[in-house]
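FYI, it's all coordinate maths here, none of it is from the lab. Worth saying up front: this structure is predicted, and the values here are computed from it rather than measured. Positions of Cβ are backbone-derived with ideal geometry, glycine not excepted, and every protein chain shown enters the neighbour counts.
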Amino acid sequence: MSESKINIESRKKSLHYFFGKVVEPLGFKFTPDEEMMNFLLEQEVILEGKHGIPFCPCQPLRNDRIRDMKIVCPCIPFHRKHFDEIKRCWCGLFVHKDVLDPDKLPQLPQKEVNNE
Amino acid sequence: MSEKFSKAILANEIAPGGMKSVELDGNEIVICNNGGKYYAIQRRCGHMNAPLDMGTLDGIYLTCPMHCAQFDITNGEALSCPVPADLGPEVLPPIIGGYMQNIGMLMKHVHTESIRTYATKLEAGWVQIRL
């Protein structure tokens with residue numbers, strides 16, 4: 001399907017449905033910042049239209065399938081240790097269930113957690 | 001479109017979350033049960049004609065078994081293009097590699113279209129469809 005044929009709003013709604021089912025048992029939820037959530041989901045729809053896969057919008061693609069598949073949203077299982085430390089995923093689409101204000105979460109470089 | 005509804009199947013033939021294909025007046029149709037609400041869609045995928053009743057239904061979203069294109073069963077809208085195949089790191093023999101390259105070139109021109117939906121109603125235990 002050409003990118004222009006995808007209705008972005010419809011696809012965002014379906015990704016929201018599917019992602020929610022994946023992240024909930026992992027202890028995460030969508031960010032309460034709705035504007036940010038909508039923006040990130042829209043970027044994923046655009047990436048999916050281009051590559052056929054909704055990659056994380058804040059990570060570069062490396063043309064290395066094994067590494068690239070680890071940034072397919074929701075990428076929580078592949079980077080769990082780091083995300084549990086910072087209580088959010090890298091782009092901030094998902095946060096720990098107990099997070100009310102994502103802006104107050106501390107930054108912590110990945111290298112300080114482990115060598116993923 | 002006809003105004004007449006036709007009996008398709010007994011409602012209790014499909015468990016919630018299930019699907020079943022029927023043929024009515026030459027139309028291949030899949031009936032989906034989403035929590036007791038019935039939807040009817042064309043059976044053939046809008047991408048490459050695969051039978052959608054062999055796919056996966058999750059809520060109102062149906063995923064094609066062949067290339068994982070997704071559709072909204074409430075309105076037939078195509079929601080995503082097929083997921084690209086992974087041929088793995090193995091280098092294919094030239095004759096197969098060339099064939100796959102040709103297929104890949106052709107596939108770029110195959111679009112995923114939205115699929116047709118049919119009005120349904122539940123009457124006397126039957127799911128009825130308007131063709």
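Miscellaneous remarks
- Summed over the stretch B:38-74, the residues that are among the acidic types (D, E) and within 14 Å of chain A (Cβ to nearest Cβ) give a count of 2.
- Taking the conditions (1) closer than 18 Å to A:P102 by Cβ; (2) under 13 Å from the mean Cα position of the chain (by Cα) in turn, A:L47 satisfies each one other than (1).
- When the stretch A:1-41 is limited to residues that are under 22 Å from B:C81 (Cβ atoms) and part of a loop (DSSP other than H, G, I, E, B), the one that is nearest to the other protein chains (Cβ to nearest Cβ) turns out to be A:M1.
- Members of the stretch B:44-81 found to be of a type in the set (D, E) and outside any loop (DSSP other than H, G, I, E, B), listed by number: B:D53, B:D58, B:D72
- Total residues in the stretch A:63-86, condition more than 14 Å from chain B (Cβ to nearest Cβ), farther than 15 Å from A:F19 by Cβ and in a loop (DSSP other than H, G, I, E, B): 1
- A:L26 surrounded by 16 or more Cβ atoms within 10 Å (Cβ to Cβ) and either of a type in the set (D, E) or under 18 Å from A:C58 (Cβ atoms) (or both): no
- Test for B:D86: is it in contact (Cβ under 8 Å) with a residue 12 or more places away in the chain and of a type in the set (D, E): no
- Considering only residues in the stretch A:42-62 that are surrounded by fewer than 16 Cβ atoms within 10 Å (Cβ to Cβ) and in contact with an Asp or Glu (Cβ under 7 Å, 6 or more places away or on another chain), the one that is nearest to the other protein chains (Cβ to nearest Cβ) turns out to be A:K50.
- Selection count, the stretch B:75-98, where residues are charged (D, E, K, R), at the interface with another protein chain (Cβ under 7 Å from one of its Cβ atoms) and surrounded by fewer than 18 Cβ atoms within 10 Å (Cβ to Cβ): 1
- Taking the stretch B:3-28 as the range and being touching a residue at least 24 places away in the same chain (Cβ under 8 Å), charged (D, E, K, R), over 15 Å from B:E123 (Cα atoms) and exposed (fewer than 14 other Cβ atoms within 10 Å of the Cβ) as the test, the residues that pass are B:E3, B:D25.
- Subset of the stretch B:29-43 [surrounded by 18 or more Cβ atoms within 10 Å (Cβ to Cβ) and either assigned to a strand (DSSP E or B) or touching a Gly at 6+ places or on another chain (Cβ under 8 Å) (or both)]: B:I29, B:V30, B:I31, B:C32, B:N33, B:N34, B:Y38, B:Y39, B:A40, B:I41, B:Q42
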